[in-house]
């Protein structure tokens, strides 16, 4: 009985010690997370290492340490820990992303891509993986490959904003600018009120200004993509030409008591474009963007939407209009907040939907052999 009692006491003390170590590890990890968030990466590393001594198999502590190492640009060390992490069946998307980006920054492109390929097999619906994959290609000026990857990400995870963001920026600098207009506007509807949405507001505004001033701009850019024929792009260009020939594409249309309002000029042009699109192309090219625009136009919100769209690009033009139409803008915002554009796997928009499909192989199988 005495020996049993001693054994019980020993087990109890061991359990208490293990519990105390676990509690201390949790405290160290919490401190490490705060240090990491505050940018003190070296101290965060030390605290995560201390936590891992007590809990060497803790997934979160390993990932935290990997991130602290990554932030210090210790990529070889990051790779070592992340390789251990992704061997676990519970490895997350973020772990694969961290490992792939570490390989990339360690000048190992092949391992970076193979890591993302493996991750996509495990998480086929993750837009974030395609986002990073495209960036790795873009940094090596493989623009066409990057766009293909981002657009694959849009098709598999349509609500993830990052792929639209980079696709819009890349197309804006290419000889196929129509898709910059499309992806940029969809991005702004998915990701509202961020520094990136402010950036895309300005990008779209600059594109429309350039379009009004130069009819050839949609086919010119530093990045030559050599795309296959795309009837959707041609339909857009056809309407741009029609607007220009009918004098609907100029800044004189936007004159107000405050002077020339460029947002108003662009809004009027986009209104005319939408009206003609709905008359001639909506059945041939149904898509979420024109459907959403039509809904706003039917509710008399489309003008206000256009001023919202470009508000961060030409602030004076926006404020001059808002001051005059405050009630109209407030009504639009109330509706807009409660009726976001529906973008999901059942309803999305991507270039490949409008590309010619390969013709099926109609060659009959050989019957010479029995």
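Just so you know, all these numbers are worked out from the coordinates, no wet-lab data involved. All figures in this text were calculated on a predicted structure; none of them were measured in a lab. Counting neighbours? That spans all protein chains shown, and the Cβs are built from the backbone with ideal geometry, glycine included.
What per residue convex hull volume, in Å³, do the alpha-carbon atoms of region 178-354 yield?
Taking the convex hull of the Cα positions in region 178-354, it is 128 Å³ per residue.
Past the 20 angstrom mark, what percentage of all C-alpha to C-alpha distances in region 230-301 do you count? Don't skip to the end; give the middle numbers.
Values: 927 of 2556 pairs.
That tail contains 36 percent of the Cα-Cα pairs.
Annotation for residue 30 and residue 213: the two label points, set 7 Å from Cα along the Cα-Cβ direction, are 5.7 nm apart.
In whole Å, what is the distance between the alpha-carbon centres of region 120-183 and region 218-260? So the two Cα centres are separated by 24 Å. The calculated pair-distance distribution of the chain uses every alpha carbon pair, bins of 20 angstrom beginning at 0, and gives 23, 42, 26, 7, 2, 0 percent.
Counting every other Cβ atom within 10 Å of each residue's Cβ, 194, 170 order from fewest to most as 194, 170.
Computed over the Cα atoms of region 91-250, the ratio of the radius of gyration to the Kirkwood radius (Rg/Rh) comes to 1.03. Take the convex hull of the alpha carbons in region 133-222; its mean projected area over all directions comes to 5.5 nm².
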